[in-house]
Amino acid sequence: MKILTLNFLCCARKTCKSSPASFPLHPKEASLEQIETDINALFIKNILPRLDWEAMKTLTIELGLPALPTEPPSPEALEDPDSGEPSQTLKDLHQLLMETSIESGALRCGNCDHEYAVKEGIANFLLPSHMV
Amino acid sequence: MEYMVRFIQMHEEFRRPELDAIAELLEIDITWVAYDENSPFAIIAINQADDPTAAAKGLVSRAIMVSAVFELWGFGDSYDTLHADIKDRSSHVWPSYQECSFRFEMDAYHSSHTHAQRRGIFESLSYMAFRGPIVMSTPNERFTIFEDYDLDSNVPKQVLFGRYLGEGGRKAMSTYDLKKRSYISTTSMDAELSLVTANMAQCAPGKLAYDPFMGTGSFPVSCAHFGSAVFGSDLDGRSIRGKKGRSVMSNFKQYSTASLYFGGLAADLTNSPLHTRRFLDAIVCDPPYGVREGLKVLGHAKESLQHEVILNNGMKAHLQADYIPPKRPYSFLRMLDDIMDFSASRLVNGGRLCMWMPVAGAPEDADGDTAGEQETEEYAIPQHPALVVVSECTQYFNKWSRRLLTYKRIPDEEVDAEALAAVQLLRLQLESNGHADLGANDLNAFRKKYFQGFKTPLFQQFHPEPRDQSRTPEPST
């Protein structure tokens, strides 16, 4: 599951929804994979305003990845002003969000401590009946 | 210049909405000059375009319901009026086509001609005085005479003439054909309508789509075909994982769109792990209809058994590696409402929800075995204050039908706040009733207040006259 997806996932329990601690989920014993893919500049440009940047920063620290800047890059920072080519900022974002994925491990809710297992890249958010 | 769109004569209700969705996405302003549900020939005008020809080609190139688009050179209700219109409309451009190689073709709907008849018709166009060579296989220009006949009629009711510009998007159907796909199941939707659905959802590069009932990924691969990034979830994780190298991922790899697939999750829509904020461009789904197999969500069927289970060895059951959470039956109508609520709170402004649902008439079983005790009930079009209905298109099978509903998320400023508060209050009430949602009273109260019947003004806007009286379902009392 690509790192980007984690920016949109929270605890599945209805009782946790009202607590800010339920987002983002905290990776535990996560094994990461790097898969080279073509840069999708238009997508990154569109999704950037929808990202929760604080959550993104928390995630990179918890995964031991290079730290992100304090503020999200502006749209202009994504392109080289002369050539229109993707900037280094864009390439770094691409590598983090799109090429890095969690292959296995768990995702822990900061509110209820429940852990969701990730196996073969697929996260399991199915809750036992007493948590529904 | 006006353009003639040559549609296929199937899935008629999908044709105009699909093209309208694409036009809106590509910001091409079109006007429907002529459209008839019973004819494959439609005429559109393209307004305020710098290059209308390029716009026309771009518009249809991804339309699955379109065979091709033509520059309209003339039309009429007879050959006499056609020739007069051709001279009127197009004579000023004939000089540009004097020298190029060309060929004429005939497209007769509900009729056919002998070679000699066709030749005669082509020769009647000699007043255009094209001097270029006639080349059959790859001419510079192709011109087509279109004839539209009523079934069993000898005389065409309409004839048109046009210059070929470009083909529609139907080639994609062959690429995505289920027979060639690496991983399918009984729930996989056919390529044609999955691609149409992705068009209705305005999937395009730079966008993010989500399917909460992903199954084997039919909708996600169609979204990715048009360049949208996509991810999905399903209550059944095995269906995402697949086996022996065949999985949702292997499908994306087959179509070389794996970079657009952001992953699959095992999840229940009614206990969704998706953060409650507005970030999706499209939600595309074919929810389980709950007739044959029984629609299920997380939870135990017996409310008394919804407690934590401790095994004999003192360990918690749900923490074991092989634990499978229990599921319970759920009402289809409530699921529709859950999808609406979910979509309203996750779609960005202008984002689209495309959802398939069954129509009354016969059981879900396509074999049409009406001896079964459960018939699909008549389901009215679900409503939500933040989602406006864009289109409703029905696919007719032999004894039943299903329809694609497309909604658009309107900006918060345009949402009726009172209606929204009322909907949310009712949802909370239903929630606190626990499993009592399966009671008929609760369902009826829900249905009466927030669902509208078949013969609503909105329904009539899309269906001014019943297409086929024998197929129109009777409203339930």
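The values are calculated or read from the model by the stated rules, or taken from the named source; none is laboratory data. Bear in mind that the values here come from a model prediction, so they are computed numbers and not experimental data. So basically every Cβ, Gly included, is an ideal-geometry build from the backbone, and we count neighbours across all protein chains shown.
For segment B:191-198, state whether one or more residues are of a type outside the set (Ser, Thr, Tyr), without any contact (Cβ under 8 Å) to a residue 60 or more places away in the chain, crowded, with 21+ Cβ neighbours inside 10 Å and in a helix (DSSP H, G or I). Outline the logic, then answer.
First pass over segment B:191-198, keeping only residues of a type outside the set (Ser, Thr, Tyr): B:191-193, B:195-196, B:198.
Those still in the list that are without any contact (Cβ under 8 Å) to a residue 60 or more places away in the chain too: B:191.
Cutting the leftovers down to crowded, with 21+ Cβ neighbours inside 10 Å gives us B:191.
After this cut, where a residue has to be in a helix (DSSP H, G or I) as well, the list is B:191.
Yes, segment B:191-198 contains at least one residue that is of a type outside the set (Ser, Thr, Tyr), without any contact (Cβ under 8 Å) to a residue 60 or more places away in the chain, crowded, with 21+ Cβ neighbours inside 10 Å and in a helix (DSSP H, G or I).
Each row is one residue, and each column tells you yes or no for (1) within 13 Å of chain B (Cβ to nearest Cβ); (2) surrounded by fewer than 20 Cβ atoms within 10 Å (Cβ to Cβ); (3) more than 24 Å from B:Thr216 (Cα to Cα).
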residue	(1), (2), (3)
A:Ile102	yes, no, no
A:Leu107	yes, no, yes
A:Lys119	yes, yes, no
A:Leu127	yes, no, no
A:His130	yes, yes, yes
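Could you please find all residues in segment A:28-44 being assigned to a helix (DSSP H, G or I) and crowded, with 17+ Cβ neighbours inside 10 Å? Walk me through how you get there before you give the answer.
Applying the first criterion (assigned to a helix (DSSP H, G or I)) to segment A:28-44 yields A:41-44.
Of everything in segment A:28-44, those that are assigned to a helix (DSSP H, G or I) and crowded, with 17+ Cβ neighbours inside 10 Å turn out to be A:Ala41, A:Phe43, A:Ile44.
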>> Quick test of your reading of the structure: B:Asp369 fulfils all but one of (1) modelled with pLDDT of 70 or more; (2) over 19 Å from B:Ser343 (Cβ atoms); (3) among the charged types (D, E, K, R). Name the failing condition by number.
In response: (1)
> Quick one: would you say B:Ala209 is more than 18 Å from A:Phe125 (Cβ to Cβ), in a strand (DSSP E or B), in the same structural domain as B:Leu274 (by the TED database) and at pLDDT 95 or above?
Replying inline: yes
> Which residues, taken from segment A:59-76, are assigned to a helix (DSSP H, G or I), surrounded by fewer than 17 Cβ atoms within 10 Å (Cβ to Cβ) and touching a residue at least 12 places away in the same chain (Cβ under 8 Å)?
Replying inline: A:Thr60, A:Glu62, A:Pro75
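Which of the residues belonging to segment A:15-24 are surrounded by fewer than 21 Cβ atoms within 10 Å (Cβ to Cβ) and touching a residue at least 40 places away in the same chain (Cβ under 8 Å)? Full working, then the answer.
Pass one, segment A:15-24, residues surrounded by fewer than 21 Cβ atoms within 10 Å (Cβ to Cβ): A:15-21.
Correct list: A:Thr15, A:Cys16, A:Ser19, A:Ala21.
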> So which helices (runs of 4 or more DSSP H) stay within segment B:1-119 end to end and still have 3 or more residues that are under 30 Å from B:Asp152 (Cβ atoms) and assigned by the TED database to the domain that holds B:Tyr164?
Replying inline: B:12-25, B:79-90
>> I want to confirm something. Restricting to segment B:309-330 and keeping residues that are within 10 Å of another protein chain (Cβ to nearest Cβ) and outside any loop (DSSP other than H, G, I, E, B), which single residue is farthest from B:Pro288 (Cα to Cα)?
In response: B:Lys316
>> Criterion first (out of contact with any His (no Cβ under 9 Å at 6 or more places or on another chain), modelled with pLDDT under 95, of a type in the set (Lys, Arg) and more than 26 Å from B:Ala55 (Cβ to Cβ)) does B:Arg118 satisfy it?
In response: yes
> Among the numbered criteria (1) closer than 17 Å to A:Phe125 by Cα; (2) under 11 Å from the mean Cα position of the chain (by Cα); (3) within 13 Å of chain B (Cβ to nearest Cβ), which single criterion is violated by A:Cys16?
Replying inline: (2)
>> Can you list residue pairs whose Cβ atoms sit under 7 Å apart, with the first residue in segment A:25-47 being on the phi > 0 side of the Ramachandran plot and the second being buried (at least 18 other Cβ atoms within 10 Å of the Cβ)? Count only pairs 6 or more apart in sequence or on different chains.
In response: A:Glu29/A:Gly105; A:Glu29/A:Ala106
> Here is a list of conditions, (1) in contact with an Asp or Glu (Cβ under 7 Å, 6 or more places away or on another chain); (2) in a loop (DSSP other than H, G, I, E, B), and A:Ser101 meets all of them except one; can you say which number that is?
Replying inline: (2)
